[in-house]
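The values are calculated or read from the model by the stated rules, or taken from the named source; none is laboratory data. Keep in mind that this is a model prediction, so the values were computed, not measured. Here the Cβ positions follow ideal geometry from the backbone for every residue, glycine too, while neighbour counts run over all protein chains shown.
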Amino acid sequence: MQPDQGGARRRDMTETVEATEATLIARTLAGDMRAFEVLVERHQGGVASFIWRIVPDRLDREEVCQEVFIKAWRNLNRFKGDAAFSTWLYTIAWRTAISLVRKRRVDYEVFDESLVHGTEDRGAETVEMNDLLDDAIATLSPEERGILTLFHARECTIEEIAAIVDRPSGTIKSILARSRSKLKAQLEETLR
Amino acid sequence: MNDDRLDAHLDRRLGHVQPVLSAGFAHRVTLRIAGIRSRTSPVAVALPAGVALGALALALGFLQILVGTGYIVMPELGWLSQIRHWLPAALPALVAAAGLVAIDSFLSGKHVDR
């Protein structure tokens, strides 16, 4: 490869990595798979942490994540930009994950956290609290875990969550309140 | 435990935990898509071809009926006047070809639904 070609390629890759979401979407629709790869890299963490909380079987999780991005690529021409791209992705992720969980009729109690690595404070008290919280979260239904994750981890608004899971805002508020009271009751009983 | 404290714990636990996807995840997604795209092309060609063949067979069948019932008298225009002779043989061949292409499209479409 000529040195100037290498430079041009590096410049092109830098431009791709720094491109705006709208540009990346347009380039993907024009057939540029490198642009789509950058979109996946940008959103894989968020989608994965969402999927991880809904799908209990760790062998299924990465497969579901791949499925989400492949569906996104297939339907990208339907993305009109009315909502954020991440919201649209979470809608696909929600449908894919919930459909798998319903199909498998998995045991909600079996929830493996072995692949989840925290970046938070690892003090003994925090670790203990995190373990208790994980155990409590694992007893919630996949729907409750997903909605809780969208609200607390992805910082989605009630309206955004309602659009993602296709339920009225009032229902989302009730599910959040119910999930919180279940967690609170469980934690209080454990800490007693 | 009060609500604010629970919220703070949930924000921290759910928000700061990042699952570790295996290395090269994004690249593997695009590789799978490349595989899907390569399987998509035969469908993209076969489906319109099947439809076109089917339409041609239908048109020729209609022409055959019109010629057979005498509604159309084939003019003596060189090779065109020979149509009445090869129509009966060409029709089943066209229908069979359209059917085969349609089956092939259907089977390929089982793997690719784009």
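Miscellaneous remarks
- Number of positions in the range A:44-65 that are crowded, with 20+ Cβ neighbours inside 10 Å and more than 9 Å from chain B (Cβ to nearest Cβ): 6
- If you go through the range A:21-43 and pick out every residue that is farther than 19 Å from A:Gln66 by Cα, without any contact (Cβ under 8 Å) to a residue 24 or more places away in the chain and in a helix (DSSP H, G or I), you end up with 3.
- Residue check for A:Ala35: among the hydrophobic types (A, V, I, L, M, F, W, C), at pLDDT below 90 and over 22 Å from A:Trp94 (Cβ atoms): no
- Residue match in the range A:69-76 (condition: crowded, with 20+ Cβ neighbours inside 10 Å, touching a Ser or Thr at 6+ places or on another chain (Cβ under 8 Å), at pLDDT 90 or above and facing another protein chain (nearest Cβ under 10 Å)): yes
- The residue of the range A:71-87 that is farthest from the chain's Cα centre (by Cα), among those that are in a helix (DSSP H, G or I) and of a type in the set (D, E, K, R), is A:Arg78.
- A:His152 meets all of the listed conditions (1) within 11 Å of chain B (Cβ to nearest Cβ); (2) surrounded by fewer than 17 Cβ atoms within 10 Å (Cβ to Cβ); (3) at pLDDT below 90 but one, namely (2).
- Per the conditions (1) at pLDDT 75 or above; (2) closer than 30 Å to A:Leu39 by Cβ, the sole criterion not satisfied by B:Leu60 is (2).
- Residue within the range B:65-78 that is closer than 30 Å to A:Ile70 by Cα, part of a helix (DSSP H, G or I) and at pLDDT below 75 present: no
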